[in-house]
Structure formats: structure tokens, C-alpha cells
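K.L.:
Could you have a look at this structure, given as C-alpha cells, before my questions?
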Amino acid sequence: MTNYLIPVLAALEPWGVLAIIVASVLLLIVFFTFVPVGLWITAAASGVRVGIFQLVGMRMRKVQPRRIVNPMIRATKAGLDMSINKLEAHFLAGGNVDRVVNSLIAAQRAGIPLEFEQSCAIDLAGRDVLNAVQMSVNPKVIETPIIAAIAKDGIELRAKAKVTVRANIDRLVGGAGEETIIARVGEGIVTTVGSSLSHKDVLENPDSISRTVLGKGLDSGTAFEILSIDIADVDVGRNVGAQLQIDQAEADKRIAQAKAEERRAMAVAQEQENRAAVQGMRAKVIEAEAEVPQAIAAAFRSGKLGVMDYYNMRNVQADTQMRESIGGSSAGKPTPTQE
């Protein structure tokens, strides 16, 4: 073969030899780009059976072969029976292959029953399946925020609880999360404190909150199993009952003031009406008194009243004024006729 190539190469021009070399290099680059020979050798040395054309098919399906082969090598070394096609299918579905394989290895080491399909379903549901397996081995402590509740005596208590939970792998798909656990524990704290006759009962026995909350089965329908609920801190807050009584007294005072102001306004209006009525009567009296001189003048002209009669009437008026001044009833106020 070499004896035939040497005369051919000698007959070619220098630029032709260079073109053949460049084409050969490009062909090798394209070959090693689409055919991960190094990864294939590594998989074969690790006991993973994967064909070279299967790796090329992954390239064509826009799947990085290392994202599939490396987890497959770890699973094989851990003694897991797994198919490379299932790993590729999970990757194409948008799952995290590394996390699924690591969770299966961790579950096998911890003796937790976990199937490949179940792990893939949990991963595709958006939950961290590896963290769930780790939480099944090492329970997690969830600390609730400060929850305020009011006892029947009106005293506010502020409690904080620590909930120890363990992941329930069977309920990870469709189960509620940590927010539901915190909300249910808060509801239990409010119920327990609100049903206590005195806040001192809760301060003396804070474990009553734990017993009440645990008795309600708060972990039902969640992805966790509650192991214990510990009351970390209980503080006395405001005297809400006294504040409510103060607010009620203030409201009653304002209502009484409004009613008193209403009665005063009605009295002022009635007084103004009475004054208007008196003024009207005085106007009528003055009008009537103004007609007296005219009547006397008409009596003089008609001859019905004489001069002596007029003087007798004036004497009677003078006697009446004298008696009133002596009695102090009118303080000597002159009559309109005298004016």
C-alpha cells in the first residue's frame, strides 16, 4: 500500500499534498466531534454497555452524551440496574438525570425503597428528590414565625414553634409543602391559646399547645411526616382585653357627648322659638297700646269721653303706678300712655 502511495504523492504538486493533509485533519476533527471516542472508552472500561452509534445518535438528538453516560457509570458502580435509554428519555423530558441517579444511590445506601420511575416522577414534579431522600434520613427542623394569639382573659401571647419533619417520599407528588405545615401549626397555636381561660395556663403548660397540634393530624395531605412540635418561646404581649374596654368606653363617651350636644341644640332651638313668640306677643301689645291714644281721641271727638273722665282715668293710673312703685313690682316703669 505504501509503495503505491509514494509514487502518487510524488506526482502531486505541493499544494495538492497540503490539501490532502488539511482535509484529513478536518475529517478527523469532525469524526471526534460527533463520535465521543474517549467517553465510549471510559464507559466500556467502567462496564457500561453503550454503542458508538448510540453516542452518535445522542449527538443528533441534541443530547450531551456526558450528561447520560457519567450518571450511568455511577449507577453501574453502585450496583443499580438501570437502562441508558430511560436516562436519555428522562433528560429529554426536562428532568435532572444527575439528581435522580444520586437520589437512587442515596436511597439504596439508606435502605429506603425508591424506584426509578418514582424518582423520575418526583423530579419532573419540580421537587428535589435528592433532598427528599436526605430529609428522610436526617429530619429537618422548620421554625415558624412568631404567632400572636389571645386568651379568654384578653392577654396576648406570642409563641414560636419548631417543627421536626421527615420527608414522606410516597406523598412527594401532590403533597403540600412547608408553607402548609407552618400555616397549620399556627392555626393550632391560635386555637389552643384562644380556648384557654387564662394566659397563665398556657405559660405554665406550653406543651399543651404541642399536644393539641399533634392531635389534629396536621401532616395529612402533605409531603412530610411530623415527628415533634416543640414550643421554642412564649412571650406575653399586649392586654388586648383592657384596650378593647378602653376603646369601648371612649366610644360610649363620644356617643354620650353627641347625644348631649343634640339635646343642647334642641334646647337652644326651643329657646329661640320661645323668644320669637314673646317678641311677637310684645309686638301685638305695643300695637294695641299704640291704638289707645287714637281711641281716646276718637272718644273726645265723638263726645263719648269728657275732660273729667280723662282726668279721673289719669288719677287711677297714677295711683296704680304709686302702688307698684311702693310694692317694687314694676320699679316705677312708666306706661306707654304716660310717655
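The values are calculated or read from the model by the stated rules, or taken from the named source; none is laboratory data. Just so we're clear, the structure is a prediction, and the values are computed from it rather than from any experiment. Neighbour counts are summed over all protein chains in view; Cβ atoms, including those assigned to glycine, are modelled from backbone coordinates with ideal geometry. Please note that ligands, DNA and RNA were not included when accessible areas were found on the heavy atoms of the full protein model with its side chains. Shrake-Rupley method; radii C 1.70, N 1.55, O 1.52, S 1.80 Å.
K.L.:
Pick from LEU227, LEU214: which is open to solvent by 30 Å² or more (accessible area, probe 1.4 Å) and at pLDDT below 80? It would help to see each step written out before you state the result.
P.N.:
Details: LEU227 fails: at pLDDT below 80.
Of the residues listed, the single one that is open to solvent by 30 Å² or more (accessible area, probe 1.4 Å) and at pLDDT below 80 is LEU214.
K.L.:
Exactly one of these conditions fails for SER325: (1) modelled with pLDDT of 75 or more; (2) surrounded by fewer than 10 Cβ atoms within 10 Å (Cβ to Cβ). Give me its number.
P.N.:
For SER325, the failing item is (2).
K.L.:
Within the range 141-167, restricting attention to residues that are aliphatic (A, V, I, L, M) and surrounded by fewer than 21 Cβ atoms within 10 Å (Cβ to Cβ), which residue is farthest from LEU218 (Cα to Cα)?
P.N.:
Within the range 141-167, the first condition is being aliphatic (A, V, I, L, M), and the residues that meet it are 141-142, 146-151, 155, 157, 159, 161, 163, 165, 167.
If we keep only those that are surrounded by fewer than 21 Cβ atoms within 10 Å (Cβ to Cβ) too, we end up with 141-142, 146-148, 150.
Values: VAL141: 15, ILE142: 14, ILE146: 19, ILE147: 17, ALA148: 19, ILE150: 22 Å.
In this case the residue turns out to be ILE150.
K.L.:
Further question: Can GLY186 be described as open to solvent by 50 Å² or more (accessible area, probe 1.4 Å) and not polar (S, T, N, Q)? Spell out the reasoning first.
P.N.:
On the way: open to solvent by 50 Å² or more (accessible area, probe 1.4 Å): no; not polar (S, T, N, Q): yes.
Against the criterion (open to solvent by 50 Å² or more (accessible area, probe 1.4 Å) and not polar (S, T, N, Q)), GLY186 does not qualify.
K.L.:
Considering only the range 105-123, how many residues are surrounded by 15 or more Cβ atoms within 10 Å (Cβ to Cβ), within 38 Å of the chain's Cα centre (by Cα) and not hydroxyl-bearing (Ser, Thr, Tyr)? Don't jump to the end; show me each part of the working.
P.N.:
Quick first cut of the range 105-123, residues surrounded by 15 or more Cβ atoms within 10 Å (Cβ to Cβ) only: 105-108, 112, 114, 116, 118-123.
Cutting the leftovers down to within 38 Å of the chain's Cα centre (by Cα) gives us 106-107, 112, 114, 118-123.
So of that shortlist, the ones also not hydroxyl-bearing (Ser, Thr, Tyr) come out as 106-107, 112, 114, 118, 120-123.
Of the residues in the range 105-123, 9 are surrounded by 15 or more Cβ atoms within 10 Å (Cβ to Cβ), within 38 Å of the chain's Cα centre (by Cα) and not hydroxyl-bearing (Ser, Thr, Tyr).
K.L.:
Search the range 61-80 for residues being among the charged types (D, E, K, R) and in contact with a helix residue (DSSP H, G or I) (Cβ under 8 Å, 6 or more places away or on another chain), and hand back the single one that is modelled with the lowest pLDDT. Let's see the steps before the verdict.
P.N.:
If we filter the range 61-80 for residues that are among the charged types (D, E, K, R), which is where we start, we get 61-62, 66-67, 74, 77.
From the residues that got through so far, the ones that are in contact with a helix residue (DSSP H, G or I) (Cβ under 8 Å, 6 or more places away or on another chain) too are 61, 66-67, 74.
Values: ARG61: 78, ARG66: 81, ARG67: 82, ARG74: 84.
By that ranking, first place goes to ARG61.
K.L.:
Further question on the same structure: For ASP170, only one of the following conditions fails: (1) of a type in the set (Asp, Glu); (2) touching a residue at least 24 places away in the same chain (Cβ under 8 Å); (3) closer than 25 Å to ASP123 by Cβ; (4) open to solvent by 70 Å² or more (accessible area, probe 1.4 Å). What is its number?
P.N.:
Condition not satisfied by ASP170: (2).
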